[in-house]
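These notes are about the structure you will find just below.
The values are calculated or read from the model by the stated rules, or taken from the named source; none is laboratory data. All figures in this text were calculated on a predicted structure; none of them were measured in a lab. Glycine also receives a Cβ, built like all others from the backbone with ideal geometry; neighbour counts cover every protein chain displayed.
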């Protein structure tokens, strides 16, 4: 598959199964991440790899952090939170690592981290690995950030679920006309 075909046909895979990406596949994903646009060559991102027993621990962290923020949950809500990480055999937590810089604002560093995460998703697809970038409330929950060991200058960009696609999705037609306007109008 050539690069343009990949960019035009990649879709998210919400349910993934074993096996997780191999070490070689993961290495290529990290090499792709390292090519993200990076003003100042700051590398303002990193990834946490979670698999095996770590997925269960992440589910417990999701539950505890949600309870700390919102109080008691129903058994159904608790079960859902515990099982969220089980939707894939591996999760990469994409993390922005920002710092004050005279020429590179923090917002630009966060965008770079997002570009690195996007490169991981694209590199996964290029290798036949299913991927789903998820965020939601838990990505912004301070208890989750603390439980994952993030520093004060770090923030979760998203959870990248990785594995083998269970069911292929159709590629929706893009409505590109709404994406661009002429200036001045």
Inset, instruction - Run down 143, 163, 130 and say which single residue is in contact (Cβ under 8 Å) with a residue 60 or more places away in the chain and over 30 Å from residue 24 (Cα atoms). - result: 143
Inset, instruction - Select from the range 27-55 the residues that are without any contact (Cβ under 8 Å) to a residue 40 or more places away in the chain and buried (at least 16 other Cβ atoms within 10 Å of the Cβ) and list them in ascending order. - result: 55
Inset, instruction - Could you look through the range 13-23, keep only residues that are at pLDDT 90 or above and in contact with a helix residue (DSSP H, G or I) (Cβ under 8 Å, 6 or more places away or on another chain), and pick out the one that is nearest to residue 174 (Cα to Cα)? - result: 16
Inset, instruction - For residue 184, work out the one condition from (1) surrounded by fewer than 11 Cβ atoms within 10 Å (Cβ to Cβ); (2) touching a residue at least 40 places away in the same chain (Cβ under 8 Å) it doesn't fulfil. - result: (2)
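Only one of these is over 15 Å from the mean Cα position of the chain (by Cα) and closer than 23 Å to residue 118 by Cβ: 31, 49. Name it. Talk me through it step by step, then tell me what you get.
Working: 49 fails: over 15 Å from the mean Cα position of the chain (by Cα).
Going through 31, 49 in turn, the sole match is 31.
Among the residues of the range 35-49, is there at least one that is over 30 Å from residue 106 (Cβ atoms) and not in a strand (DSSP E or B)? Walk me through it before giving the result.
Applying the first criterion (over 30 Å from residue 106 (Cβ atoms)) to the range 35-49 yields none.
So far as the range 35-49 goes, no, none of its residues is over 30 Å from residue 106 (Cβ atoms) and not in a strand (DSSP E or B).
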Inset, instruction - Go through the residues of the range 96-103 one by one and say whether even a single one is in contact (Cβ under 8 Å) with a residue 60 or more places away in the chain, closer than 16 Å to residue 155 by Cα and in contact with a helix residue (DSSP H, G or I) (Cβ under 6 Å, 6 or more places away or on another chain). - result: yes
Legend entry - Counted residues, the range 4-26 - those being more than 13 Å from residue 125 (Cα to Cα), assigned to a helix (DSSP H, G or I) and touching a residue at least 24 places away in the same chain (Cβ under 8 Å): 0
Legend entry - Options 124, 170, 151, 131: the member that is surrounded by 12 or more Cβ atoms within 10 Å (Cβ to Cβ) and not in a strand (DSSP E or B): 124
Legend entry - Residues (crowded, with 21+ Cβ neighbours inside 10 Å, assigned to a helix (DSSP H, G or I) and in contact with a strand residue (DSSP E or B) (Cβ under 9 Å, 6 or more places away or on another chain)) located in the range 56-102: 58, 85
